[in-house]
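Each remark here refers to the structure printed beneath this line.
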Amino acid sequence: VELAAPPVGRLLSRRASEPRPLRAAAFRLTLNVLLAAVLALTLFYTWSSYQRFVAVAVQQATRAAADRAAAVRSLLDEHALSLRRLARSIEVARAGGAADLDERLGRFHRGHESHLNIGMSDSNGRIVASSPLANARGEPLVGRSVAARPYFSEARERLAVAFVPLVMGTLHVRDATGEELGDIVAEPLLDAEGAFAGLVYGALDSRVDIPK
């Protein structure tokens with residue numbers, strides 16, 4: 001029995017078509033490698049850009065915070081100097097027997113409206129003069145005590161200006177219902193022998209704009 005030989009054209013066509021799946025697989029593999037490389041480079045660039053953005057943002061925020069802290073400190077120093085002058089004038093006035101302490105505080109307060117209130121205490125912490133004289137509820141401020149406040153004990157012990165930032169005030173000086181956030185600056189008063197005789201304090205309203 002003789003077997004018929006397949007046509008030559010069919011054999012050549014089959015042999016020519018056999019490598020095609022290998023070429024297609026190699027092409028897909030190469031394409032996938034290239035896409036993976038592009039994706040990796042894109043992710044790397046995106047992550048690097050994000051890191052640079054975060055670093056710049058942190059640097060800017062740190063610089064802004066430092067600038068604001070310096071501005072706040074400068075403002076507090078300015079008000080401390082004003083209170084020191086007021087304290088020295090009160091010491092001289094008391095030595096001369098002057099009794100217009102509320103008026104003195106009022107004049108000072110009108111020239112420094114960024115303060116919620118200006119007060120003066122005796123050596124025991126009892127408020128003996130104030131501007132304003134009463135709070136937003138109509139309650140008198142004179143006669144109250146600041147003996148338990150940190151700025152009083154600090155000024156008494158160090159005989160130097162005391163700073164207490166961000167104190168939540170409860171005197172209702174301007175707000176009859178809520179608490180008032182303020183930065184306290186307290187300057188000690190001294191008697192003729194240089195002993196502690198009370199203090200003059202001001203509550204700087206924390207809502208005031210800080211000069212840039």
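The distance from the alpha carbon centre of segment 140-181 to that of segment 27-59 is 56 Å, rounded to a whole number.
Apply the a/c threshold of 1.5 to the C-alpha gyration tensor of segment 85-180 and tell me whether it is rounded, prolate or oblate. It is oblate, given that a/c is not under 1.5 and a/b is not larger than b/c. Derived scalar couplings between HN and Hα for segment 162-170 equal 10, 10, 10, x, 6, 8, 7, x, 10 Hz in order, rounded to whole Hz, by the Karplus curve 6.51 cos²θ - 1.76 cosθ + 1.60 (θ = phi - 60°), x for Gly and Pro. Taking the protein heavy atoms of segment 142-212 in the context of the full set of protein chains, the accessible area attributed to carbon and sulfur is 54 percent at 1.4 Å. Relative to the Cα centre, the charge distribution of segment 65-193, modelled as +1 at Lys and Arg Cβ and -1 at Asp and Glu Cβ, gives a dipole magnitude of about 80 debye.
The values are calculated or read from the model by the stated rules, or taken from the named source; none is laboratory data. Please read all numbers here as calculations on a predicted model, not as lab measurements. All Cβ positions, glycine included, derive from the backbone under ideal geometry; neighbour counts span all protein chains shown. For the accessible areas, the whole protein counts, side chains as well, though only heavy atoms, and no ligand, DNA or RNA atoms are used. Shrake-Rupley method; radii C 1.70, N 1.55, O 1.52, S 1.80 Å.
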